[in-house]
Structures are given as C-alpha cells and as structure tokens.
Amino acid sequence: MPVPELDERARSCARRLLDSDRVLLASHIDADGLTSAAIASQALERAGLDHEVVFKNQLDETEIASIAAREFETVLFTDFGSGQLDDISRHEQAGDFVPIIADHHQPADAETEYHLNPLLEGLDGASELSGAGASYLLARALAEEADQEEDNRDLAALAVVGAVGDMQAVDGELVGANRALVEEGTEAGVLEEKQDIAIYGKQTRPLPKLLEYATDVRIPGITNNEPGAVSFLEELSVDLKTPDGDGEWRRWVDLNDDEKQTVVSALLQRALERGVPPGKAERLVGTTYTLTDEQPGTSLRDASEFSTLLNATARYERADVGLAVCLGDREEAFEQARRLLETHRRNLSEGLEQVKEQGVETVGNLQYFDAGDDIRETIVGIVAGMALGVDGVDGSSPIIAFARKNEEELKVSARGTGRLVGQGLDLSAVMGEASRAVGGDGGGHDIAAGATIPDDKKEEFVDRADDLIATQVG
Ligand code: C5P
Ligand code: C5P
Ligand code: ZN
C-alpha cells in the first residue's frame with residue numbers, strides 16, 4: 001500500500017464501508033473535493049456499494065443536519081469533515097449515521113473511529129496529502145479488502161489533479177505522501193511527471209497568449225504585452241502557425257522537443273537580460289503532471305489546467321458538471337465545463353484587477369481587502385492567493401479577504417506563504433479562534449484557511465486575527 005503511515009486507518013474505513021448497505025458520499029465544492037468524490041464514487045461502485053453523492057460549499061451545523069435527515073446508515077465525508085468533527089460526532093452519538101472521514105484539514109477536538117487524515121499521523125495536510133489523496137488511499141484499501149481484480153491505481157491521476165488544485169505542489173513539485181501517488185499513477189500508465197516550461201496553459205493556450213499571460217515570473221516586454229510576446233516568438237526559428245495554413249497559432253503541446261528547448265532557452269535569456277534575478281528566472285521551468293490517457297491539447301491533459309476547469313464548475317454551483325467530467329464524460333459535460341471556464345477566468349482576472357486598484361489595508365501583522373458583492377465568496381480565496389506577491393500587495397504578511405456570503409454573513413479567506421508558516425503562522429488556528437470569538441466558525445490549513453462571520457463583526461474579527469498572528473509570528 002502506497003502510504004504505510006495511513007494504511008491501518010484506510011483499511012479500517014474500507015472494512016466499515018464494505019459492511020454498509022447504502023452510503024451517502026458528501027464532498028467539498030472545489031477541485032480537490034470533486035476529484036475526492038470521483039475517486040471515492042468509482043471505488044464504491046467497483047466494490048459493489050450502493051451510494052449517492054452530494055456536494056456542500058461548507059460543512060456547518062445546518063448542512064450536517066441536512067445530511068443526517070437523509071437517513072443513510074453510513075456517511076462518507078471527503079475533503080471535509082475533520083474540522084467539523086464536533087458537530088458530526090454529536091450525530092454519530094445520537095445514532096443518526098456512522099461517519100467515515102477521508103480529509104486533510106485540521107481536525108477539531110472530538111474523536112471518531114473511522115478517520116483517515118494525514119495530520120493524525122504526523123504528515124502535513126497542506127503539502128503532503130490532499131482530500132483526493134486521502135480518498136485515493138481509501139480506494140486502494142477498498143480494492144484490497146474487497147479482494148477486487150481492479151486495484152484502483154488508475155485513480156491516482158485524479159488524486160494528483162486534486163493535490164495540484166489545492167496548491168500542494170511545493171515549487172511546482174509534489175512531495176511527501178503525494179510522491180507515492182505519483183509513482184503509482186506512473187506505474188499504472190495514467191500519469192507522466194516531467195520537467196517542462198512551468199507556465200499555465202501549455203495544452204490549450206495559443207503560444208503568444210501563453211507567454212503574455214504568464215505572470216508568475218514577470219518578464220519585461222513579454223508579460224502582459226501581446227505585441228512583445230508575438231515579436232519575441234517571431235525572432236525564433238520556430239514555426240508559430242499551424243501547418244494547415246488557416247493562420248492559427250500553435251500551442252505549446254504542438255511543439256516538438258527541439259522547438260520547446262529553443263523557446264525555453266530564449267525565454268530564460270530574455271528574462272536574465274531584462275533583469276529578472278536568476279533564482280526567479282529558474283522558476284520558468286518546473287515539474288508538470290500529464291494525464292496520459294487524455295487527449296493532447298485539452299485542458300484535461302494537464303493536472304493544473306484540469307483542476308482549474310473543475311473549480312470553474314463546482315464554485316459556480318455546477319459540481320455535477322465537474323463530477324461528470326471526472327467520471328469520463330467528454331461530451332456534454334465537458335463542453336459545458338469549458339464554457340464555465342471562460343466565466344471563471346474572466347472573474348479571476350477582474351477580481352485580481354479590482355484588488356490591485358482598490359489596494360489593501362494594512363493592520364499590524366496582516367493586510368486585508370473587502371470585496372463586498374464584487375467577487376463571489378466561492379472564489380475570493382483564489383483571488384486572495386493570486387494577489388499575494390503581485391504589485392502593490394507584498395508577501396511579507398498574510399492576506400485576509402472578505403466577501404458577502406448572504407444578508408447576514410461575510411465569508412473570510414486567508415492566505416499565507418511558506419516562509420510565514422516557517423515562522424509559526426497557522427491560519428487555521430487564526431480563522432478558527434477569531435471567528436468563534438465573534439460568533440462565526442472557520443478552519444482549514446496553516447497556509448490557507450477560511451471562516452464565516454456575522455457581517456457587523458468585521459473590525460473586531462480583524463483585530464482578533466491581528467493579535468493571534470502577532471503571537472504566532474511576532
Ligand atoms: O478546502 P481545501 O483544503 O481543498 O482548499 C485548500 C485551499 O488552500 C485551496 O484554495 C488552495 O489554493 C489553498 N492553498 C494555498 N497554498 C498552499 C496550499 C493550499 O493557497 N500551499
Ligand atoms: O474558502 P477558502 O478557499 O478560503 O478556504 C481555504 C481553506 O479553509 C479550505 O481548505 C477550506 O476548506 C477551509 N475553510 C474551512 N472553514 C471555513 C472556510 C474555509 O475549513 N469556514
Ligand atoms: Zn482539499
């Protein structure tokens with residue numbers, strides 16, 4: 001089994017599932033939650049277990065009660081559940097359902113028997129295993145305990161999409177328990193890990209757009225500069241248009257290895273010439289994960305593009321579309337997901353622009369912005385993460401974003417950096433404690449967390465969060 005530390009927990013969860021008649025599978029509405037559900041659902045089906053799938057934006061008392069009201073004997077929570085264990089175990093004790101949890105969020109205090117979470121065995125839940133990874137370990141254990149012919153290793157590709165979607169790759173590369181998943185996926189022939197240009201959109205973006213939109217490493221004269229990107233490419237001895245003469249740009253996937261090498265070398269050279277520090281320019285090349293069973297030139301072929309496509313469905317109340325794509329629909333659902341992706345991309349770039357324009361408030365040890373109704377609460381965390389480190393928003397203190405959730409409540413999203421976490425930052429504790437102090441609730445990971453609070457408690461919440469951050473990193 002791939003991750004020995006979690007083997008016993010995975011097997012005990014699997015055995016309990018195999019004793020169930022009917023399972024309700026509940027999962028989170030993001031890329032990791034969707035891939036978690038897709039992995040678990042396929043594993044249950046292969047093990048012959050009857051089940052239904054539901055998605056939730058955030059688990060809270062009300063949502064857990066609505067799950068209990070479905071009267072399933074067993075409820076499998078994936079990519080959430082650990083942080084809400086207090087509420088969940090109350091239902092367990094009342095005999096409402098038996099919970100089985102495959103998650104990677106910071107657990108609440110209560111305990112439960114069937115709980116698969118890397119943090120319980122000293123593994124990091126923000127970088128070593130995602131919800132999809134935990135679900136994958138459960139799927140592997142289910143196959144073994146059920147004595148199935150299929151070992152479920154083909155599901156490792158989705159687990160990698162989930163981990164990449166949760167930003168678990170450290171400097172572009174998956175580490176820790178995630179490595180075991182990459183290896184199994186590679187052996188099963190569904191994954192390929194290689195060094196390549198580390199820019200989002202290798203499968204689907206026309207070459208000039210690929211370079212123009214790459215903002216991680218900013219290259220003066222190319223980044224956000226369409227004519228600059230085009231003339232940079234035109235100077236290279238590489239055909240830039242497709243051979244059929246219809247005037248269409250080639251994409252990165254259309255280049256052969258020599259051509260790719262030519263572009264990468266020239267790009268590195270240009271970056272250095274224009275004053276990008278070598279340590280930063282290096283980041284133009286990195287580890288990429290390819291789903292080898294998918295059609296080249298589609299967003300599904302690249303783990304990073306796949307995960308963005310999934311966020312574009314689930315965070316817009318269309319988790320059903322993303323799940324169908326994960327389960328293999330390459331027609332109607334895939335088409336619809338691609339349309340949703342256009343909207344998602346536009347919302348992200350408009351959201352980021354707005355944060356840059358509006359600027360952030362600095363209070364002691366944190367910085368924050370309030371997006372009000374302008375950024376959807378389901379994507380405000382992604383925008384906050386993108387904003388950290390861009391012009392005008394420095395990365396030396398954590399960022400907190402507010403957005404309206406409903407008439408009475410605000411959604412809060414917090415993002416930090418690896419360096420701040422190294423200094424002691426734990427945003428999961430900050431969001432949990434500060435929100436509960438003002439009558440809300442929250443949790444997550446050390447580097448990224450969130451909360452819901454009453455809408456008249458923003459200032460008090462900011463003050464409390466500031467105090468907590470001061471004691472952590474001060
Ligand atoms: O709910 P869940 O665990 O799936 O979400 C994790 C969130 O944390 C994602 O939005 C991801 O972008 C963020 N994250 C981050 N940086 C990391 C790890 C996670 O921003 N290093
Ligand atoms: O929503 P956002 O992307 O900011 O969430 C960041 C992390 O915090 C995710 O892992 C999410 O599951 C977690 N979170 C939480 N409780 C909340 C809000 C977010 O555990 N109320
Ligand atoms: Zn997750």
Per-pair calculated FRET efficiency, R0 = 22 Å: Asp216 and Asp258 via Cβ, rounded to 0.05:
0.30
Amide H to amide H under 5 Å from Val363: which residues, 5+ apart in sequence or cross-chain, H placed 1.01 Å off N in plane?
Tyr368
What number, in percent, do you get for the relative contact order of segment 359-473 if the mean sequence gap of Cα pairs under 8 Å and at least 6 apart is divided by its residue count?
23 percent
Could you line up Phe334, Phe77 from fewest to most neighbouring Cβ atoms inside 10 Å?
Phe334, Phe77
Tell me, what is the Rg over Rh of the chain, with Rh the Kirkwood radius over Cα pairs?
0.97
If I take every Cα pair under 8 Å that is 6 or more residues apart in segment 65-206, average their sequence separation and divide by the length, what percent do I get for the relative contact order?
17 percent
Using a ≥ b ≥ c from the Cα gyration tensor of segment 359-473 (square roots of the eigenvalues), is it rounded, prolate or oblate, where a/c under 1.5 gives rounded and otherwise the larger of a/b and b/c decides, a/b for prolate?
oblate
Can you tell me which of 151-157, 192-198 comes out highest on packing, and rank the rest after it, using the mean Cβ neighbours within 10 Å?
151-157, 192-198
Sort 225-231, 201-207 by packing, meaning the average of other beta carbons within 10 Å per residue, with the highest value first.
201-207, 225-231
Cβ under 10 Å from Ala126's Cβ, Ala126 left aside: what net charge do those residues give with Lys, Arg +1 and Asp, Glu -1?
-4
Take the eigenvalues of the Cα gyration tensor for segment 83-235, scale each by 5, and report the square roots as semi-axes in whole Å, largest first.
40, 20, 12
Please list, in order along segment 142-148, the HN-Hα scalar couplings obtained from phi with the Karplus expression 6.51 cos²θ - 1.76 cosθ + 1.60 (θ = phi - 60°), rounded to whole Hz, x for Gly and Pro.
4, 4, 5, 5, 8, 6, 7
Sequence-distant lysines (8 or more away, or on other chains) whose Cα lies within less than 21 Å of Lys56
Lys405, Lys411
Using each residue's phi in segment 58-64, evaluate 6.51 cos²θ - 1.76 cosθ + 1.60 at θ = phi - 60° and report the 3J(HN,Hα) Karplus result to the nearest Hz, with x for Gly and Pro.
8, 7, 9, 3, 5, 5, 5
So who's got an amide H within less than 5 Å of the one on His115, skipping anything under 5 residues away but keeping other chains? H placed 1.01 Å off N, in plane.
Ile101
Under 5 Å from the placed amide H of Ala26, counting only residues 5+ away or on other chains, we find Val54, Leu76, Phe77, Thr78
Here the relative contact order (percent) of the chain, from C-alpha pairs under 8 Å and at least 6 apart, is 12 percent
Using the Kirkwood formula over every pair of different C-alpha atoms, what hydrodynamic radius in Å results for segment 328-368?
12.7 Å
Over all distinct Cα pairs, what is the inverse of the mean 1/r for segment 216-354, reported as the Kirkwood hydrodynamic radius in Å?
17.4 Å
I'd like the Karplus ³J(HN,Hα) series for segment 106-120: coefficients 6.51, -1.76, 1.60, θ = phi - 60°, whole numbers in Hz, and an x wherever there's a Gly or Pro.
4, x, 6, 6, 4, 10, 8, 6, 9, 9, 10, 8, x, 5, 6
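Rule-based calculations on the coordinates, nothing more; no lab input. This structure is a prediction, so every number in the text was calculated from the model and none was measured. Here the Cβ is made from the backbone with ideal geometry for all residues, glycine too, and neighbour counts use every protein chain on show.
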